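To start, the structure itself, in structure tokens.
The values are calculated or read from the model by the stated rules, or taken from the named source; none is laboratory data. For clarity, every value in this text was computed on a predicted model and none was experimentally measured. Using ideal geometry, Cβ is built from the backbone for each residue, glycine included, and neighbour counts are taken over all protein chains shown.
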Number of protein chains: 2
Amino acid sequence: MSRAVRDDLPHLDKAGRPTLATVAALAGVHPSTASRALSASVPAGVRVGSTGTVARIRAVAQEVGFARNLQAAGLRTQRTSLAGVLVPRLTDLVLATIYEGIDEQGRRHGYQTFVTNTNDDEAERAAKLEMLLARQVDGIVLGDARVDHDEVIDRLEARKVPFVLVSRRSQHHPSVTCDDRAGGRLAAQHLLDLGHRRVAVVAGEPFASTAVDRLQGFSDVFREAGHPLDPDLVVPSRFDVEGGRRACQQILRTPGDAPTGIFAVNDFAAIGTLGTLRAAGVAVGQDMAVIGYNDIPLASDLPLPLSSVRSPLHEMGRTAMEVLVAGIGGAEMSSTTLEPTLSARESTLGARAPGDSH
Amino acid sequence: MSRAVRDDLPHLDKAGRPTLATVAALAGVHPSTASRALSASVPAGVRVGSTGTVARIRAVAQEVGFARNLQAAGLRTQRTSLAGVLVPRLTDLVLATIYEGIDEQGRRHGYQTFVTNTNDDEAERAAKLEMLLARQVDGIVLGDARVDHDEVIDRLEARKVPFVLVSRRSQHHPSVTCDDRAGGRLAAQHLLDLGHRRVAVVAGEPFASTAVDRLQGFSDVFREAGHPLDPDLVVPSRFDVEGGRRACQQILRTPGDAPTGIFAVNDFAAIGTLGTLRAAGVAVGQDMAVIGYNDIPLASDLPLPLSSVRSPLHEMGRTAMEVLVAGIGGAEMSSTTLEPTLSARESTLGARAPGDSH
DNA sequence: GCATTGTGCCCAATCGTTTGTGCCAATCGA
DNA sequence: TCGATTGGCACAAACGATTGGGCACAATGC
């Protein structure tokens with residue numbers, strides 16, 4: 001373990017930490033030599049220094065606990081090995097999971113990730129983006145794109161910073177998403193197969209392609225089957241528990257025949273829906289089928305296991321970072337779509353499938 | 001809106017972005033003058049420039065879309081306005097919520113936060129810490145401290161970087177925590193009051209003070225009441241759903257009288273517990289009481305609302321950042337403890353309290 | 001009208017690294 | 001033994017911003 005930073009070293013920085021000059025002086029070489037000796041990659045055909053010197057310099061660096069000042073290095077090299085990540089909220093497990101995939105893959109390529117919340121707020125998005133750019137990130141993963149026109153994307157293009165969208169698509173821009181339309185279709189077909197004809201949708205935010213596409217796919221299937229959705233039963237919502245709760249309350253207040261099934265475009269909204277139904281005395285799985293989206297880890301462990309459409313969140317994050325790294329390297333970036341699958345459980349099947357687990 | 005970065009500007013950086021020199025040249029002043037004109041704070045008694053010049057410089061900066069290179073600025077000023085945050089995992093809603101508090105309060109003081117996962121792994125913690133230090137963060141919030149000896153804390157002290165612990169305490173180091181011992185006592189007293197005498201604990205990770213202290217408080221109350229815990233019914237666990245599931249399986253396998261109540265030191269572990277109990281055909285709320293910890297937002301909306309001890313997560317994060325900022329400013333840092341409260345619901349009360357909501 | 005004060009800016013050094021270039025000495029072939 | 005080569009390192013110039021010091025000029029006081 002590097003140890004005991006001595007206080008009498010030469011060329012310490014103002015915080016008292018050893019610099020490259022410290023190491024160089026102690027090893028009796030020039031800072032430039034120290035820099036080369038400590039740079040990880042063997043610089044191909046370049047002058048690399050004798051093995052003895054390199055070893056000596058590395059030993060000294062180790063001993064004084066030298067840590068390269070990445071700010072200074074980045075200033076010189078114009079690369080930070082930093083990827084910016086913009087997400088709506090990290091308290092949303094879906095985004096947190098995607099982020100983990102991004103970070104994991106980034107690390108494989110030597111990138112660190114700088115993630116920040118935007119709360120889906122336009123002003124905040126712009127401000128956070130500027131912050132990331134000011135910190136000279138090498139590229140950006142955008143997890144909060146708007147489906148139609150997106151000012152943040154415009155800026156990104158103007159600045160010529162490599163970027164990729166994840167989770168949500170926007171127009172033609174390179175993105176890594178799950179096939180949300182197909183996922184919506186899966187949910188719809190499942191409910192149709194179970195005999196439901198009049199269903200409601202907790203539809204999420206209209207500016208998010210995830211919500212829009214899932215609803216679209218869902219709606220298509222019911223229309224094609226001759227049972228088009230009742231527009232009054234399609235209510236927008238936030239993506240969290242509270243959003244689902246409110247949307248479900250509105251659904252229950254809607255006049256006309258009550259639906260027999262509810263599709264929530266997000267598992268947390270589905271849980272809020274379950275809460276509201278329970279408070280209203282509706283027996284989920286019997287009187288009402290509920291299906292969510294994303295298949296978060298706790299869906300199968302709920303007191304009433306939740307049916308859901310599984311999207312490969314972690315993989316989505318990994319893939320997005322892979323695309324970004326390629327883009328930073330100068331490659332052309334293209335979009336990727338991953339496939340969702342259905343996890344049917346008791347919230348739609350009723351109490352007849354106790355053996356479901358994962 | 002700053003617009004249309006023209007391509008024919010002088011002194012662009014290598015990525016084609018305008019620099020301070022660009023702005024200065026266009027405004028017909030020296031870069032130093034531009035720097036002063038663009039620095040936010042009015043430097044007390046220092047020469048500040050004529051209002052006309054300042055306005056002109058600012059206009060130019062706006063027009064060419066100048067964004068200060070924070071790397072270069074940080075190199076010169078030795079301040080990054082960056083606070084590092086180390087957490088076990090952001091997919092843990094508890095930590096994600098604390099992080100949001102940290103970030104929110106940081107922003108108030110002009111800090112950005114650089115958060116990263118450590119997965120509670122020692123090697124990863126050390127590596128991530130070095131990374132943050134290499135990026136010259138001004139201070140660090142540590143969300144994954146070990147209760148006993150913590151090597152990361154040692155390093156932090158050696159480097160003389162201001163830091164504060166959050167959520168988990170460790171020895172005498174300044175920390176902002178919830179009174180976990182008191183929280184454990186609340187849970188215990190609640191179960192005792194309901195008549196439970198033989199109870200099990202899904203105890204969390206032994207290196208986390210949160211788990212240790214909650215268990216300690218819980219255990220104390222039962223011992224004081226003359227019903228000491230059966231050590232076989234206290235099983236360590238991870239803090240997630242899967243961890244709770246496994247721990248509960250072990251509890252169910254334990255020979256001897258079955259317990260009538262289970263305390264999980266974390267809500268996700270509690271949900272895993274619910275899942276396992278359900279699969280085993282145990283009726284929670286009737287045959288078995290379950291109480292969790294943290295009172296996450298979905299606890300009240302579960303198909304069977306979960307009793308829990310609420311800890312003020314967001315506030316904990318805010319407070320921690322407040323302490324850190326003071327510490328960076330040179331103030332002495334001291335520990336703060338926040339108070340938990342009980343949220344009793346049907347997972348312990350049975351089906352007789354349908355009116356509970358939040 | 002002259003000395004004094006103050007205002008508005010520029011100059012140049014500096015933060016800690018990286019990297020193209022060039023010098024010196026050792027090594028090699030003949 | 002001599003010239004050509006090359007290995008090993010030092011030099012110095014960046015990167016883009018900040019900041020103490022100082023210069024020129026205008027305003028002020030007497």
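Per-residue answers, yes or no, for (1) within 13 Å of chain B (Cβ to nearest Cβ); (2) aromatic (Phe, Trp, Tyr); (3) buried (at least 24 other Cβ atoms within 10 Å of the Cβ):
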residue: A:Gly272; (1), (2), (3): yes, no, yes
residue: A:Gln286; (1), (2), (3): yes, no, no
residue: A:Gly330; (1), (2), (3): no, no, no
residue: A:Ser334; (1), (2), (3): no, no, no
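Suppose we filter B:Ala37, B:Ala96 for residues that are touching a helix residue (DSSP H, G or I) at 6+ places or on another chain (Cβ under 7 Å), buried (at least 20 other Cβ atoms within 10 Å of the Cβ), modelled with pLDDT of 90 or more and away from chain A (no Cβ under 14 Å); which single one remains?
B:Ala37
Tell me, which residue of region B:60-72 that is within 16 Å of DNA strand C (Cβ to nearest atom) and surrounded by fewer than 18 Cβ atoms within 10 Å (Cβ to Cβ) is farthest from A:Pro88 (Cα to Cα)?
B:Ala72
Among (1) away from chain B (no Cβ under 14 Å); (2) within 9 Å of DNA strand C (Cβ to nearest atom), there is one condition A:Leu12 misses while meeting the rest; what is its number?
(1)
Please pick out the residue among B:Pro259, B:Pro305, B:Pro354 that is in a loop (DSSP other than H, G, I, E, B), at pLDDT below 95 and of a type outside the set (S, T, N, Q).
Just one listed residue meets the conditions, B:Pro354.
Taking A:Arg146, is it touching an Asp or Glu at 6+ places or on another chain (Cβ under 7 Å), more than 9 Å from every other protein chain (Cβ to nearest Cβ) and either among the β-branched types (Val, Ile, Thr) or over 18 Å from B:Val115 (Cβ atoms) (or both)?
Taking the combined requirement at face value, the residue does not satisfy it.
Among the residues of region A:80-93, write down those that are at the interface with another protein chain (Cβ under 8 Å from one of its Cβ atoms), closer than 25 Å to B:Leu75 by Cα and among the aliphatic types (A, V, I, L, M).
none
Can you confirm whether A:Phe268 is part of a helix (DSSP H, G or I), among the aromatic types (Phe, Trp, Tyr) and on the phi < 0 side of the Ramachandran plot?
Yes, satisfied.
Quick check: is even one residue across region A:305-324 free of Cβ contacts under 8 Å to residues at least 24 places away in the same chain and not acidic (Asp, Glu)?
Within region A:305-324, not a single residue is free of Cβ contacts under 8 Å to residues at least 24 places away in the same chain and not acidic (Asp, Glu).
Name, by its number, the condition in (1) away from every other protein chain (no Cβ under 14 Å); (2) touching a residue at least 40 places away in the same chain (Cβ under 8 Å); (3) polar (S, T, N, Q) that does not hold for B:Gln250.
Looking at each condition in turn, B:Gln250 falls short on (2).
Can you tell me which of B:His227, B:His196 is surrounded by fewer than 22 Cβ atoms within 10 Å (Cβ to Cβ) and in contact with a Lys or Arg (Cβ under 7 Å, 6 or more places away or on another chain)?
B:His227
Looking at B:Glu100 and the list (1) within 15 Å of the chain's Cα centre (by Cα); (2) without any contact (Cβ under 8 Å) to a residue 24 or more places away in the chain, which single condition is not satisfied?
All conditions pass for B:Glu100, except number (2).
Exactly one of (1) within 14 Å of chain A (Cβ to nearest Cβ); (2) assigned to a strand (DSSP E or B) is unmet by B:Gly281. Its number?
(2)
When you check B:Arg245 against the structure, is it at pLDDT 95 or above, of a type in the set (Lys, Arg), part of a helix (DSSP H, G or I) and surrounded by fewer than 17 Cβ atoms within 10 Å (Cβ to Cβ), yes or no?
no
Residue-by-condition table, conditions (1) among the aliphatic types (A, V, I, L, M); (2) within 30 Å of B:Val161 (Cβ to Cβ):
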site: B:Ile262; (1), (2): yes, no
site: B:Asp267; (1), (2): no, no
site: B:Ile271; (1), (2): yes, no
site: B:Val309; (1), (2): yes, no
site: B:Ala331; (1), (2): yes, yes
